[in-house]
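Written below as structure tokens is the structure these notes are about.
The values are calculated or read from the model by the stated rules, or taken from the named source; none is laboratory data. What you see is a predicted model, and the numbers here were worked out from it, not measured in a lab. We place every Cβ from the backbone using ideal geometry, glycine too, and count neighbours over all the protein chains shown. Protein only, heavy atoms only, side chains kept; ligands, DNA and RNA dropped before computing areas. Shrake-Rupley method; radii C 1.70, N 1.55, O 1.52, S 1.80 Å.
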Protein chains: 2
Amino acid sequence: MIRTIQVELGERSYPIFIGSGLLSQIGDRCVEAGFPVRSPLLVVTDSEVAPRYLPALEENLRSKGYTVASHVIPAGEASKSLQVYEEVMTTAISAGLDRSSAVLAMGGGVVGDLAGFVAATYMRGIGFLQLPTTILAHDSSVGGKVAVNHPLAKNMIGAFYQPSLVLYDLDTLATLPARQISSGLAEVVKHGLILDKEFACWCREHAGELLALDAEALGYALERGCAIKADVVGNDEREQGQRAILNLGHTIGHAIEAVGGYGVFLHGEAIAIGMAGSALLAAKLGRDTAIYEDTVSMLSALGLPTRLPAEYGEDELIEAMMHDKKFKEGKMTFIVPDAIGAVSIVGNVEESLVREVIAQLKKEGSPW
Amino acid sequence: MIRTIQVELGERSYPIFIGSGLLSQIGDRCVEAGFPVRSPLLVVTDSEVAPRYLPALEENLRSKGYTVASHVIPAGEASKSLQVYEEVMTTAISAGLDRSSAVLAMGGGVVGDLAGFVAATYMRGIGFLQLPTTILAHDSSVGGKVAVNHPLAKNMIGAFYQPSLVLYDLDTLATLPARQISSGLAEVVKHGLILDKEFACWCREHAGELLALDAEALGYALERGCAIKADVVGNDEREQGQRAILNLGHTIGHAIEAVGGYGVFLHGEAIAIGMAGSALLAAKLGRDTAIYEDTVSMLSALGLPTRLPAEYGEDELIEAMMHDKKFKEGKMTFIVPDAIGAVSIVGNVEESLVREVIAQLKKEGSPW
């Protein structure tokens, strides 16, 4: 069964295909999408994904007549740097990529963000195909946000650049370690927490199947997650307004990643703690405390952390948030849940409230 | 007198203001354009322009309530590198630029291209204002092509990113050295050679006034040059078709710059030789040889070179052209004049013809 979601963005609309065995269709999909076989393709992938899937992918593309170059980056967030970006550019130029060429990003969010920024800026923009191999990447493969990190702040250098298509082969998820599965499910359930209570509850009920990578449950969850995100992005491609609701949990989450070092907490884990923090902030702003209890129970069911280790310093976290790009004109803005499945963008949040939230996240037992 | 040209690009449309004393209006223009005073501005300029105009510019912006940071790059093409790009990004982050901020590019094409790529990619795109201080920059300030160079090829890394406005203060041209003036006029007359015979002839007739920077003549020439380019860009923003005609002379010109080293020939000088070469190619393809004679007389009147020094190797030039991004799917494509004021895009040009043109460009006396 192939599930298809169409991301509606006018002339930049594109389809997402979700199903088993899709990687074996890649060559045909490239031809269908109009990429001429005379123009070289560049596959960007990482050191963990390459041994498993790169040879077959290259062979499949070559069997359709394409010339294929590949660039394998070291797995991990450290590869989302300007230095690695320049190395991939060198490969692209040396391989003779032209304006009709495409970059294929096969991997997780790091590969997608980096390769997408290469595609967005090589010769001022060439073709871009996403082949996500993690659950987390269901999030980054919708919406066209591509970026690399600056030593001073994450995702600071980037573009809005839509892929021509996303091919999501569920078979590639089978080898994910348990922590990566939970981390990916954090962004899945986030889409429910933001806009769809029923889906958030469904994720809690089917947590066991999701963690076991049951194809039917996972296919549905990814389809629903992608569809919710696609709706939001379709209404606000460049994040001038409502798209910001997708950042639920990200202000605190990014600060945790920046202070702890990328990779100590996985992205979804950091976001999960951030979402718990947002629910605590909601309570301080007068919302029902049951939002926090429900949020924590949903995240916990998926094997995600909701507490912050004591060693994370309040001052460093606040400092990291100040550098975060979600601070517009010096105001602290947070995405705050009004209920499960509904959020508000709240500007002018007092720093003291944020400090209280951090303290509560570090407290043992009940935060109240 | 302020001349105004509107570049029509739908929601990305913007005005170009041309006149004397315009830099003193910059603060008001930023307020008018909707940039909030709470968001820091970043001025990017170079080591030659900064001593003359930066203090007054900063003072003007601060008098309107803006916080201003500045980044001064070394003058010259070498600054259009990923390394300098990262340094400017560091300044932008350290200065706290947010999503409502803008980058002001005050200088020539190098400053505009580099600062524009920073604006296009900082937080996935913030405001961008162009303040050209060279004649050559009339060309790069219209059309939204921004880029940096890769060691293997020029302008290989970039984006299409439109400014919010262009403020062209003719007073800043007064200190340009003679070679820079001629170099800039190469792109001005190019717009006539491509699409407007009358304007090309006008440039030849008024060459003396243009070289002497007569405000009336220069204002008219820049307005006409910008308007022709704006028309072409308005019909094909992302260079998927006809916009390529603006590359007249650039395939050979870029190769000359790459082989000789950036800065041996100024950009306009290299393009002038390239345009002479395109006219020679036109003759080989059956067009009237008078096109070449006219092209050379127009370029010469503006003090521009039309011959190639003997030391430029044919093989190196051809090799450089192969790397040039205007080679699509392995075909050699050239913009070829059909007459003064009319050009065609000709694909599949034989390498041997290009080699003959290079030999003719190096010949003493008549090329025939």
Putting +1 on Lys and Arg Cβ atoms and -1 on Asp and Glu Cβ atoms, find which of A:Met298, A:Phe199, A:Leu246 reaches farthest to the positive end of the dipole of the range A:178-362. A:Leu246
Under the helix-only model (-39500 (n - 2.57) for each DSSP H run of 4 or more, divided by the residues of chain A), the mean residue ellipticity at 222 nm, to 500 deg cm²/dmol, is -14000 deg cm²/dmol
Determine the percent antiparallel among the DSSP beta bridges restricted to the protein assembly as shown, to the nearest 5. 40 percent
I want to make sure I understand the PRE zone here: with the label point 7 angstrom from the Cα of B:Asn235 toward its beta carbon, which residues in the range B:196-212 have backbone N atoms less than 15 Å away? B:196-197
Mind checking the mean number of beta-carbon atoms from other chains within 10 Å of the Cβ atoms in B:155-164? 4
Run the simple label-point estimate for A:Thr67 and B:Val37 please: 7 Å along Cα→C-beta, distance reported in nm. 5.8 nm
Taking a ≥ b ≥ c as the square roots of the eigenvalues of the Cα gyration tensor of the range A:205-307, is the shape rounded (a/c under 1.5), prolate (a/b larger than b/c) or oblate? rounded
Residues with amide H under 5 Å from that of A:Ser20, placed H, sequence gap 5 or more: A:Leu170
What trypsin sites (Lys or Arg not before Pro) does the range A:70-179 have in DSSP loop regions with at most 16 other beta carbons within 10 Å? none
Net charge contributed by nearby residues that have their C-beta within less than 10 Å of A:Asn235 (K/R +1, D/E -1): -3
Using square roots of five times the C-alpha gyration tensor eigenvalues, list the equivalent-ellipsoid semi-axes of the protein assembly as shown in whole Å, biggest first. 50, 31, 19
For the range A:178-362, what is the relative contact order in percent, using Cα pairs closer than 8 Å and at least 6 residues apart in sequence? 28 percent
Between beta-carbons, use under 14 Å as the cut-off and find the net charge around B:Arg29, counting Lys and Arg +1, Asp and Glu -1. -2
Prolate/oblate/rounded call for chain A, Cα gyration tensor, a/c under 1.5 rounded: prolate
On a 0 to 90 degree scale, rounded to 10, what angle separates helix B:267-284 from the longest Cα axis of chain B? 30 degrees
Cross-link list A:Lys154/A:Lys190; A:Lys284/A:Lys363; B:Lys80/B:Lys229: which exceed 18 angstrom alpha carbon to alpha carbon? A:Lys154/A:Lys190; B:Lys80/B:Lys229
Compute the relative contact order of the range A:166-236 as a whole-number percentage, counting only Cα pairs closer than 8 Å that sit 6 or more residues apart in sequence. 32 percent
Net charge near B:Gly225: determine it from the other residues with C-beta under 10 Å of the C-beta of B:Gly225, scoring Lys and Arg +1 and Asp and Glu -1. -1
When Cβ neighbours within 10 Å are restricted to other protein chains, what is their mean count per residue of peptide B:250-257? 0
Row for the range A:275-368, column shape: gyration tensor on C-alpha, a ≥ b ≥ c, rounded if a/c < 1.5 i.e. under 1.5, prolate if a/b over b/c, else oblate; value oblate
Against the longest alpha carbon principal axis of chain B, how many degrees, from 0 to 90 and to the nearest 10, is the axis of helix B:351-362 turned? 80 degrees
Exercise: per-residue mean of other protein chain Cβ atoms within 10 Å, A:138-150: 1
Considering only DSSP beta bridges whose two residues both sit in the range A:93-162, what percent are antiparallel, to the nearest 5? 45 percent
So the FRET efficiency between A:Ala78 and B:Val264, C-beta based with R0 = 56 Å and rounded to 0.05, is 0.90
Mind checking the range B:79-130 for chymotrypsin sites (Phe, Trp or Tyr not before Pro) that DSSP puts in a loop (not H, G, I, E or B) and that have at most 13 other Cβ atoms within 10 Å? none
Accessible surface of the protein assembly as shown [probe 1.4 Å, protein heavy atoms]: carbon and sulfur percent: 50 percent
Please tell me the relative contact order of chain A in percent, rounded to the nearest whole number, where contacts are Cα pairs under 8 Å and at least six residues apart. 15 percent
Starting from the Cα of A:Ala174, step 7 Å along the direction of its Cβ; do the same at A:Gln25; then give the gap between the two resulting points in nm. 1.8 nm
With the solvent-accessible surface defined on protein heavy atoms using a 1.4 Å probe, which residues belonging to the range B:68-115 display a reduction of at least 20 Å² in accessible area in the multichain context relative to the isolated chain? B:Leu82, B:Tyr85, B:Glu86, B:Met89, B:Thr90, B:Ile93, B:Asp98, B:Arg99, B:Ser100
Sort out the exposed loop GluC sites (Glu not before Pro) in chain A (DSSP loop, at most 12 other Cβ within 10 Å) and tell me the longest stretch that has none. A:1-310
Copy-to-copy spacing for B:Ser100, label 7 Å out on the Cα-to-C-beta vector, in nm, shortest first? 4.6
Once you have the Cα-Cα distance between B:Thr289 and B:Glu319, take 0.36 nm times their residue separation minus that, and quote the gain in nm to one decimal. 8.0 nm
Angle check, please: helix A:314-323 long axis (alpha carbons) against the longest principal axis of chain A (alpha carbons), in degrees 0 to 90, nearest 10. 50 degrees
To the nearest 0.05, what FRET efficiency results for A:Ser344 and B:Glu364 with a Förster distance of 60 Å applied to their C-beta separation? 0.20
